[in-house]
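Taking it in order: structure first as structure tokens, then the write-up.
The values are calculated or read from the model by the stated rules, or taken from the named source; none is laboratory data. Quick caveat, the model's predicted, so the values are computed rather than measured. Neighbour counts are summed over all protein chains in view; Cβ atoms, including those assigned to glycine, are modelled from backbone coordinates with ideal geometry. Just so you know, the surface numbers come from the protein's heavy atoms only, side chains and all, with ligands and any DNA or RNA stripped out. Shrake-Rupley method; radii C 1.70, N 1.55, O 1.52, S 1.80 Å.
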Amino acid sequence: MSMVAVLGQNEQRRVYSGQVILDPAAVVKELLENSLDSCAKRIEIRVRGTAALRSISVVDNGSGIARDDLGLLCTAHATSKLADLDDITRVRTMGFRGEALAAIAALSERLVVVTKTDKDETGTAVEYSETGAVEKQSPTPRTVGTTATVENLFCRLPVRKKEAESNSKREVNRIVATVQTYGLICFGVKISLAVESTTLLQTPGRPLKDNSSDDRGLYENVVALFGSKQGSALATVAVPLLLSDDENQLPRTEDPEDVADPIQNNVDLREAASDEVWSMYGLVSRAVRDSGRSSTDRQYVYINRRPVDFPKLTRTCNETYRRFVPSASPVLILSLHAPEAEIDVNIQPDKRKVRFLRENEVVTAVRDALENIWNKNLSSYAPSAATQAFLTASASDGTDKPSTSAQLSSTTAECQPERTPFEPKPEETRNSDVSVTPMVNTKSATDWRGVGESRGRDLLDEAVSKAEGEAGKATPESLPERRVN
């Protein structure tokens with residue numbers, strides 16, 4: 001008798017689903033990526049319950065999902081991003097494997113999608129079963145876009161559910177870190193995260209305008225997420241990368257003044273660069289005292305706008321920076337444009353791990369570019385006198401609203417102003433340096449006030465405690481039927 005047998009479809013689904021969705025943050029990541037792929041300009045993330053297990057909702061104003069596609073939406077390996085295997089080497093979307101929604105449906109009690117396209121007269125609400133099949137479908141009012149709601153996550157994985165509930169604050173912090181990672185690099189997209197009824201973070205989502213000095217999305221996102229003090233310690237880096245074995249690459253300039261500033265000049269090196277050329281832009285700590293951090297908690301690397309783990313690169317950057325500022329770690333927000341033929345992102349389901357055709361050359365080129373800037377002490381990136389005067393006046397203004405401008409300040413007398421990536425408008429600013437900048441709604445939905453680090457921790461603790469208290473009262477049968485318009 002043969003001992004080898006093919007697992008049933010339900011068993012297969014359980015096996016791969018547990019590998020795709022490891023924690024609640026993975027659900028937020030997958031739904032957020034779907035919203036970004038739909039070209040949404042406003043994305044709201046709402047989580048409830050202990051460890052965000054009770055409910056996770058992502059609401060966007062993207063293009064929506066066509067009704068003809070709703071039947072296959074939660075079918076394993078069903079995707080609109082790939083037509084054949086060769087497309088993996090050319091994929092430009094965040095997601096492409098067609099596993100996420102099927103895995104979420106398999107691991108949750110309920111998955112509801114409400115969507116509408118610009119061709120539909122009304123929206124459609126669809127509820128999916130554990131197998132990804134449509135259980136209920138009905139018309140419902142909605143503007144163009146999509147709302148995905150996941151309820152009672154890990155109801156079929158009791159060990160994983162108990163482990164998440166025992167570490168509720170850790171799970172919420174992972175969700176916050178995930179939203180921060182995408183919020184930094186998404187220009188012109190307003191992303192907000194609310195835990196229970198508390199909005200923990202929000203990016204400004206200022207629309208980018210051609211030939212406008214107002215286009216400083218990366219700085220604005222940094223200030224919104226980490227505070228103006230963090231923004232003042234950073235400098236722009238925008239360079240083509242010369243890999244050692246390239247013969248036809250563009251030469252790397254030795255003078256930062258000659259490098260196009262992607263924020264001031266509205267240059268997107270990812271779009272402007274040839275497909276055969278490596279390039280890098282982003283923000284880094286200046287090589288001066290108090291610009292770095294005691295930990296590596298604010299180091300972000302993106303490949304073609306996709307967040308990735310690149311430990312070899314970050315380790316090299318840390319070692320290089322410590323030659324200039326001992327015992328400190330730089331803030332790194334590095335977005336690398338890579339020729340698609342030279343990278344492989346299909347390594348793991350979360351696509352955080354990437355393989356490179358020339359990894360050592362990439363690391364060396366990035367190190368050389370940053371070392372060149374740090375060697376010059378980044379004097380070219382010091383703020384102008386007008387900018388410094390604005391920062392001084394704003395710091396003493398005492399207003400409640402947070403700044404959404406990228407404000408650079410000089411930290412040493414030697415870094416005299418010659419050039420600034422932008423001249424910010426006279427807006428109010430706040431002075432906070434916290435990993436998560438919680439917000440509280442004071443007067444209206446648009447009147448936000450930054451709060452201090454200790455108060456921010458209290459807000460997070462209150463939200464988690466409230467979720468844990470409500471979790472004891474809730475049962476799967478008592479979960480409210482959710483319809484988000």
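Please enumerate the residues belonging to the range 307-324 that are closer than 25 Å to GLY227 by Cα and open to solvent by 20 Å² or more (accessible area, probe 1.4 Å). Residues satisfying the conditions are ASP309, THR314, ARG322, PHE324. Exactly one residue among ASP246, ASP268, ASP261 is modelled with pLDDT of 50 or more and closer than 27 Å to GLU340 by Cα, and that residue is ASP246. Scanning the range 129-150 for residues that are among the hydroxyl-bearing types (Ser, Thr, Tyr) and over 27 Å from the mean Cα position of the chain (by Cα) yields SER129, THR131, SER138, THR140. Residues in the range 325-364 that are more than 25 Å from GLU220 (Cβ to Cβ) and of a type in the set (Ser, Thr, Tyr) were compared, and the one that is most open to solvent (accessible area, probe 1.4 Å) is SER327. Quick one: which residue in LEU184, LEU153, LEU200, LEU157 is touching a residue at least 24 places away in the same chain (Cβ under 8 Å) and in contact with a Gly (Cβ under 8 Å, 6 or more places away or on another chain)? Among LEU184, LEU153, LEU200, LEU157, only LEU157 is touching a residue at least 24 places away in the same chain (Cβ under 8 Å) and in contact with a Gly (Cβ under 8 Å, 6 or more places away or on another chain). Is it the case that some residue within the range 17-27 is closer than 13 Å to LEU153 by Cβ, modelled with pLDDT under 95, out of contact with any strand residue (DSSP E or B) (no Cβ under 6 Å at 6 or more places or on another chain) and open to solvent by 20 Å² or more (accessible area, probe 1.4 Å)? Among the residues of the range 17-27, at least one is closer than 13 Å to LEU153 by Cβ, modelled with pLDDT under 95, out of contact with any strand residue (DSSP E or B) (no Cβ under 6 Å at 6 or more places or on another chain) and open to solvent by 20 Å² or more (accessible area, probe 1.4 Å), which makes the answer yes. Looking at the structure I just gave you, is ASP84 exposed (fewer than 15 other Cβ atoms within 10 Å of the Cβ), at pLDDT below 95 and of a type in the set (Asp, Glu)? Here the answer is yes, as ASP84 does meet what is asked.
Residues in the range 283-318 that are in a loop (DSSP other than H, G, I, E, B), over 25 Å from SER232 (Cβ atoms) and among the polar types (S, T, N, Q): ASN304 alone.
Do we find a residue being in contact with an Asp or Glu (Cβ under 8 Å, 6 or more places away or on another chain), among the basic types (Lys, Arg) and free of Cβ contacts under 8 Å to residues at least 40 places away in the same chain anywhere in the range 126-149? Yes, there is a match, as at least one residue in the range 126-149 is in contact with an Asp or Glu (Cβ under 8 Å, 6 or more places away or on another chain), among the basic types (Lys, Arg) and free of Cβ contacts under 8 Å to residues at least 40 places away in the same chain. Filtering the range 145-163 to residues that are surrounded by fewer than 21 Cβ atoms within 10 Å (Cβ to Cβ) and within 20 Å of GLU30 (Cα to Cα) leaves ASN152, CYS155, ARG156, LEU157, ARG160, LYS161.
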